[in-house]
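Worksheet for the structure shown next.
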Amino acid sequence: MSAVAVIGSQWGDEGKGKITDYLAEKAEMVVRYQGGNNAGHTVVVDDKEFKLHLIPSGILYPEKMCVIGNGVVIDPEVLCKELAYLEKEGINTDNLRISLRAHLIMPYHIRLDELEEERKGVNKIGTTRRGIGPAYMDKAARVGIRVVDLMDEKEFADILQRNLEEKNHVLQKIYGVEGFKFEDIFNKYRSYLARIEKYITDTTAVINEYIEQGKKVLFEGAQGTLLDLDHGTYPYVTSSHPVAGAACIGAGIGPTKIRRVIGVVKAYTTRVGEGPFPTELLGEEGELIRKRGWEYGTTTGRPRRCGWLDAVILNYSARINGMNGCAITKLDVLDSLAKIKVCVAYEYRGQVIKNFPASLKALAECKPIYEEFEGWQTDTTKARSYEELPAKARQYIEGIAEIIKVKPVIIAVGPKREQTIFREEIF
Ligand code: IMP
């Protein structure tokens, strides 16, 4: 049995794309199990950059099976554009599989996401405005439209009609904006179906068959643990479950099937969107990290908020995900710094706490307690083995490992595939 889950251990954007891309080389199947095109992966192959939002980056390897599982919400317009982009780049997409049970993002979801953010004003979540939240709301409210529904012309027409009655009422009466026309959406979505139909199947059967045959299956998490609907910094979270356990629900496999959980840990912390961020650096150091790390959203282009590594978050994340290995990414971004800080605990109302608080009000009051590490002030981008890293960089990595009690098994020192150091076999 060889199923491995790769998840984000912070607020997303940890560099999972690169790690999953590298592991995809060893895997026989790559599966996405949650989120939608709010995610963004940048993968560099032979100096060429690929940006993907929905299709697993494993698609860049022609022989790998790539699955969009039932837990993902699919915007078929984005999916069709991504397919066209890949095909234009000469990438074969025949090995893509799309779940019959995945829910669809509809045009009214995107509109409602935008309107709701605008209505909230200063209390906005800072969503990617891709309709993710409203699509998952409909799924939970049992009025969502699934891929399987789109395939049945009459069923699709009925559900769409019922949804439009309600959504147009909300759009017109509550927000005072125009509604959507049935024919427009119906025709567009049926044309998307014609484009994607050949990939659609019961993906749970395909994934379980691979696992039973002992094939290597990689579950690719999107976003990060602190954006998880249950375990994240609620309400500043996404509407799905980026944690490892969600791979079971979002792909239709039993919990007994996942052997390894690799948490991707960026060597510092970033977050996009709103909400408290204890180790945030608002001055020059934050700006330096943002510039060196090119910390701008892949999906929205927004500048990311940057700060020191927060081990309180990592400890929490290690626990929630059952991490038994971690990948430290973007180590090279810290190359020029003389001193590097890691938050090891918080001071909250005069007390030292090490457990990540559930209350956002409490989190906003938490002051980081730092342990300081010597910077290595050496270029690490050419290191190809652990031993080639400067001693002070290894001290930083080992310091993190000791605090979070998880072994760093992968170290990334740049965006390219070859800028990755493996300390053990993952599959
Ligand atoms: P939504 O997922 O678009 O509803 O956005 C909810 C929150 O999750 C916002 O703070 C977003 O910025 C954040 N978010 C969603 N996807 C990502 C991602 O891939 N990386 C980082 N943050 C994300």
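How big is Rg to Rh over segment 1-104, alpha-carbon atoms, Rh as the Kirkwood inverse-mean-distance radius? A ratio of 0.92.
Of all the Cα-Cα pairs you can form in segment 342-427, what percent are over 16 Å apart? Summing the P(r) tail past 16 Å for segment 342-427 gives 63 percent. Counting only protein heavy atoms and a probe of 1.4 Å, the accessible surface of the chain is 50% carbon and sulfur. With all protein chains kept in place, the per residue accessible area of the chain amounts to 41 square angstrom at a probe of 1.4 angstrom. Looking at segment 265-422, the pairs of alpha carbons with a distance over 24 Å make up 34% of the total.
Angle of helix 76-88 to the longest C-alpha principal axis of the chain, folded into 0 to 90 degrees and rounded to 10: 70°. I'd like the orientation of helix 311-321 relative to the chain: the angle between its Cα long axis and the longest Cα principal axis, in ° from 0 to 90, rounded to 10. It is inclined by approximately 50 degrees. Computed on segment 296-381, with alpha-carbon pairs under 8 angstrom and 6+ residues apart, the relative contact order is 33 percent. Our Cα-only numbers for segment 138-293 put the radius of gyration and Dmax at 21.0, 59 Å.
Once the Cα atoms are used to define both axes, helix 153-169 deviates from the longest principal axis of the chain by about 70 degrees. Per residue, the average separation of C-alpha pairs within less than 8 Å and at least 6 apart gives the chain a relative contact order of 21 percent. What trypsin sites (Lys or Arg not before Pro) in segment 150-219 are in a loop by DSSP, with at most 14 other Cβ atoms within 10 Å of the Cβ? Answer by residue number: Lys181.
A DSSP coil position with no more than 12 other Cβ atoms inside 10 Å describes the following GluC sites (Glu not before Pro) in segment 107-216: Glu178. Look at the alpha carbon pairs under 8 Å that are at least 6 residues apart: their mean separation over the length of segment 57-146 gives a relative contact order of 29 percent.
For the residues Leu309, Leu171, Leu83, a GNM of the chain with alpha-carbon springs under 10 Å puts the largest fluctuation on Leu171.
Here the sum of -39500 (n - 2.57) over DSSP H runs of 4 or more residues, divided by the residues of the chain, equals -9500 deg cm²/dmol at 222 nm, to the nearest 500. Computed from the alpha carbon atoms alone, the convex hull of the chain holds 135 Å³ per residue. Dividing the alpha-carbon radius of gyration of segment 42-100 by the rule-of-thumb value 2.2 N^0.38 Å gives 1.08. P(r) tail for segment 103-194: Cα pairs beyond 21 Å make up 30% of the total. Pairs with C-alpha atoms separated by more than 27 Å, drawn from the list Lys154/Lys198; Lys48/Lys81; Lys48/Lys330; Lys124/Lys407; Lys51/Lys354, are Lys124/Lys407; Lys51/Lys354. If you restrict to DSSP beta bridges whose two residues both lie in the chain, what percentage is antiparallel, to the nearest 5? Of those bridges, close to 40 percent are antiparallel.
The values are calculated or read from the model by the stated rules, or taken from the named source; none is laboratory data. Everything numeric in this text was worked out from a predicted model, so none of it was measured. When we count neighbours, we look across all protein chains shown, and the Cβ atoms used for this are built from the backbone with ideal geometry, even at glycine. Accessible surface areas use protein heavy atoms only, side chains included; no ligands, DNA or RNA. Shrake-Rupley method; radii C 1.70, N 1.55, O 1.52, S 1.80 Å.
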